[in-house]
Amino acid sequence: MCGIIGIVTGHPVATGLISSLKLLEYRGYDSAGIATMQNDQVWRERAAGKLANLEKKIKDNGVSDGGIGIGHTRWATHGAPTEPNAHPHIIDNVIIVHNGIIENYAELRDELLKGGANIQSQTDTEVIGHLISNQLKIDSNIETAVQTAIGKLTGAFALAIMIKGQEDLLIGARKGCPLVVGIGDVEGHYIGSDALALSPFSRQIIYLEEGDFVFASKQTYKIFDQSGALVKRDVNYVETQAATMDKGNHKHYMAKEFFEQPDVVQHTLAHYLNMDNNEINIDAKLDITKFDRIIIVSCGTSFYAASVAKYWLEEATNMSVEVDVASEYRYRNPP
Ligand code: GLU
């Protein structure tokens, strides 16, 4: 799972982009990059490996910062985790970062190649940039052009996009992958993969819904739903505790998770424990006698947890319990 951040404040954003990417590190990644824009000039830096590599490159090469920018930690699905495949990708006037998988990318890529597109990376993401760039050539309305181009995609995505020459316009879109919008505590607007990534800047968070697009400037923002209608989404006030999400004194996140287990188990159980009468209240609305099997869908760490839960649940329920990998499960049609 990768991470996305976008900032439009009108003031230099590179440091903020890096701080947010650090808060997204817990999701795992293989390369990272940021791009900012000022006076029609796009400045971009990308590096394979840890964020420290990106920071070093920025330090060595210098920053040419702008008041709008996007950043990305990549978990490669299409193309090796190399610098040329790292995001942001720049295609003509379009600068883009993407989380997810475009399933019809091979067909789209073939069509673009037939039309003479100069494809530079092995990613599915670059295809999205070309589609938007082409659409902008026939539709000068950025909002409709972006929506039309993105409408051609099948698969899952969260996107942050900048258009050259539009220094007060940060675009986001989501389908199948999370994306939130933050209203700056002090100024500007933000988009990110989660509220935590925006926690240094924003307590007012909008959780975009499936198929939503956001067009944000320093002062304001507009959200369109997947039918293209202008919509209002609730603004939530969040107190994200960034401190609980960093590595603390631990060498890595896995070590932190090991040591947190007693606390986590205690908190989870406390939720169901009534300390006044020493009773356990599990208000389960499910009548499991109506089911004849349980399927747990999970990935990564939760897949391992589910593999243990399988033993417990089989014993407790006397039912067949299966564990499936989430990324594969969606392609199955289990009887
Ligand atoms: N599919 C894109 C790529 O391989 C995005 C992967 C991600 O979510 O980081 O570059």
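The values are calculated or read from the model by the stated rules, or taken from the named source; none is laboratory data. Because the structure is predicted, anything quoted here is derived from the model rather than measured. With ideal geometry, Cβ positions are generated from the backbone for all residues, glycine too; neighbour counts draw on all protein chains shown. These area figures cover heavy atoms from the full protein model, side chains too; ligands, DNA and RNA do not enter into them. Shrake-Rupley method; radii C 1.70, N 1.55, O 1.52, S 1.80 Å.
Going through region 213-227 one residue at a time, which ones are more than 23 Å from Leu17 (Cα to Cα) and surrounded by 13 or more Cβ atoms within 10 Å (Cβ to Cβ)?
Within region 213-227, Phe224, Asp225, Gln226 qualify.
Just to be sure, is Arg109 open to solvent by 50 Å² or more (accessible area, probe 1.4 Å), basic (Lys, Arg) and within 16 Å of the ligand (Cβ to nearest atom)? Spelling it out, Arg109 is indeed open to solvent by 50 Å² or more (accessible area, probe 1.4 Å), basic (Lys, Arg) and within 16 Å of the ligand (Cβ to nearest atom). Select from region 3-22 the residues that are open to solvent by less than 10 Å² (accessible area, probe 1.4 Å) and touching a Lys or Arg at 6+ places or on another chain (Cβ under 7 Å) and list them in ascending order. Listed by number, the residues that qualify are Gly3, Val8.
Yes/no matrix, rows are residues, columns are (1) of a type in the set (Ser, Thr, Tyr); (2) within 30 Å of Ala156 (Cα to Cα); (3) modelled with pLDDT of 90 or more; (4) open to solvent by less than 60 Å² (accessible area, probe 1.4 Å):
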{"site": "Leu273", "(1), (2), (3), (4)": "no, no, no, no"}
{"site": "Asn278", "(1), (2), (3), (4)": "no, no, no, no"}
{"site": "Tyr304", "(1), (2), (3), (4)": "yes, yes, yes, no"}
{"site": "Ser307", "(1), (2), (3), (4)": "yes, yes, yes, yes"}
{"site": "Val321", "(1), (2), (3), (4)": "no, yes, yes, yes"}
{"site": "Pro334", "(1), (2), (3), (4)": "no, yes, no, yes"}
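Annotation note: Cβ proximity below 9 Å between a residue of region 312-335 that is charged (D, E, K, R) and a residue that is assigned to a helix (DSSP H, G or I) (sequence gap 6+ or interchain) occurs for Glu322/Lys310; Asp324/Phe303; Asp324/Ala306.
From the list Gly172, Gly116, pick out the single residue that is open to solvent by less than 30 Å² (accessible area, probe 1.4 Å) and more than 13 Å from the ligand (Cβ to nearest atom).
Values: Gly116 fails: open to solvent by less than 30 Å² (accessible area, probe 1.4 Å).
Gly172 is the lone residue from the list that is open to solvent by less than 30 Å² (accessible area, probe 1.4 Å) and more than 13 Å from the ligand (Cβ to nearest atom).
With the structure loaded, tell me whether Ile138 is more than 10 Å from the ligand (Cβ to nearest atom), modelled with pLDDT of 95 or more and buried (at least 20 other Cβ atoms within 10 Å of the Cβ) or whether it fails that test. No, not satisfied.
Would you say Ile70 is outside any loop (DSSP other than H, G, I, E, B), out of contact with any helix residue (DSSP H, G or I) (no Cβ under 6 Å at 6 or more places or on another chain) and modelled with pLDDT of 95 or more? So Ile70 passes the test.
What about Glu322, is it of a type in the set (D, E, K, R) and assigned to a strand (DSSP E or B)?
Numbers: of a type in the set (D, E, K, R): yes; assigned to a strand (DSSP E or B): yes.
Taking the combined requirement at face value, the residue satisfies it.
For region 83-102, taking the residues that are open to solvent by 50 Å² or more (accessible area, probe 1.4 Å) and touching a Ser or Thr at 6+ places or on another chain (Cβ under 9 Å), the one that is nearest to the ligand (Cβ to nearest atom) is identified as Ile101.
Condition check: assigned to a loop (DSSP other than H, G, I, E, B), buried (at least 16 other Cβ atoms within 10 Å of the Cβ) and out of contact with any helix residue (DSSP H, G or I) (no Cβ under 6 Å at 6 or more places or on another chain). Does Ala76 satisfy that? Let's see the steps before the verdict.
Details: assigned to a loop (DSSP other than H, G, I, E, B): yes; buried (at least 16 other Cβ atoms within 10 Å of the Cβ): yes; out of contact with any helix residue (DSSP H, G or I) (no Cβ under 6 Å at 6 or more places or on another chain): yes.
Here the answer is yes, as Ala76 does meet what is asked.
Going residue by residue through region 48-55, is there one that turns out to be in contact with a Pro (Cβ under 9 Å, 6 or more places away or on another chain), under 27 Å from Val13 (Cα atoms) and either modelled with pLDDT under 95 or part of a loop (DSSP other than H, G, I, E, B) (or both)? Give the steps one after another, and end with the answer.
Just the residues of region 48-55 that are in contact with a Pro (Cβ under 9 Å, 6 or more places away or on another chain), to begin with: 48-49.
Within this subset, residues satisfying the condition of being under 27 Å from Val13 (Cα atoms) are 48-49.
When the remaining residues are screened for being either modelled with pLDDT under 95 or part of a loop (DSSP other than H, G, I, E, B) (or both), the result is 49.
Yes, because at least one residue in region 48-55 is in contact with a Pro (Cβ under 9 Å, 6 or more places away or on another chain), under 27 Å from Val13 (Cα atoms) and either modelled with pLDDT under 95 or part of a loop (DSSP other than H, G, I, E, B) (or both).
So is Ile295 surrounded by 12 or more Cβ atoms within 10 Å (Cβ to Cβ) and closer than 30 Å to Glu322 by Cβ or not?
Details: surrounded by 12 or more Cβ atoms within 10 Å (Cβ to Cβ): yes; closer than 30 Å to Glu322 by Cβ: yes.
The answer is yes for Ile295.
Looking at region 33-46, is at least one residue in contact (Cβ under 8 Å) with a residue 12 or more places away in the chain, surrounded by fewer than 24 Cβ atoms within 10 Å (Cβ to Cβ) and within 14 Å of the ligand (Cβ to nearest atom)? Yes: one or more hits.
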